[in-house]
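Peer 1: Would you mind keeping the following structure in view while I ask a few things?
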């Protein structure tokens, strides 16, 4: 990346043009690229699990407040969220060919 003087020489150009941005990828070797892909898959697995559980808990809590069924809606929502979370993990792992 080189700097050129823009705006009358007061501010250096800090952005990359398209060609410069595409050339940055050549510095990442194949092993690093595969490690980054694996890291992205694993982080998406964790996020999918947590979001499913939180959503299930939220729906269960809402059902408890709406119908006065405490604590059954909460626990049923927790169970459904955990099941949905593991289902999401299975789908992501199958898509990534871990299984």
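What follows draws every value from the coordinates through simple rules; no lab data is involved. All values reported here derive from a predicted model rather than from experimental measurement. Cβ: placed from backbone, ideal geometry, glycine included. Neighbour counts: every protein chain shown.
Peer 1: Compute the length gained on full extension between residue 93 and residue 70: take 0.36 nm times their separation in residues and subtract their Cα-Cα distance, giving the result in nm to one decimal. Mind showing how you got there, number by number?
Peer 2: Values: separation 23, 0.36 × 23 = 8.28 nm, distance 3.51 nm.
In short, 4.8 nm is gained.
Peer 1: For residue 38 paired with residue 54, estimate the spin-label separation in nm (one decimal), with each label point 7 Å from Cα along the Cα-to-Cβ line.
Peer 2: Result: 2.8 nm between the two label points.
Peer 1: While we're on this one: What spacing in nm lies between the two simple spin-label points modelled at residue 82 and residue 31, each 7 Å away from Cα in the Cβ direction?
Peer 2: Reported label-point gap for residue 82 and residue 31 is 4.0 nm.
Peer 1: Could you give the semi-axes, largest first, of the ellipsoid that matches segment 29-95, computed as the square roots of 5 times the alpha carbon gyration tensor eigenvalues and rounded to whole Å?
Peer 2: Details: eigenvalues 240, 18, 6 Å².
Output for segment 29-95: semi-axes of 35, 10, 6 Å.
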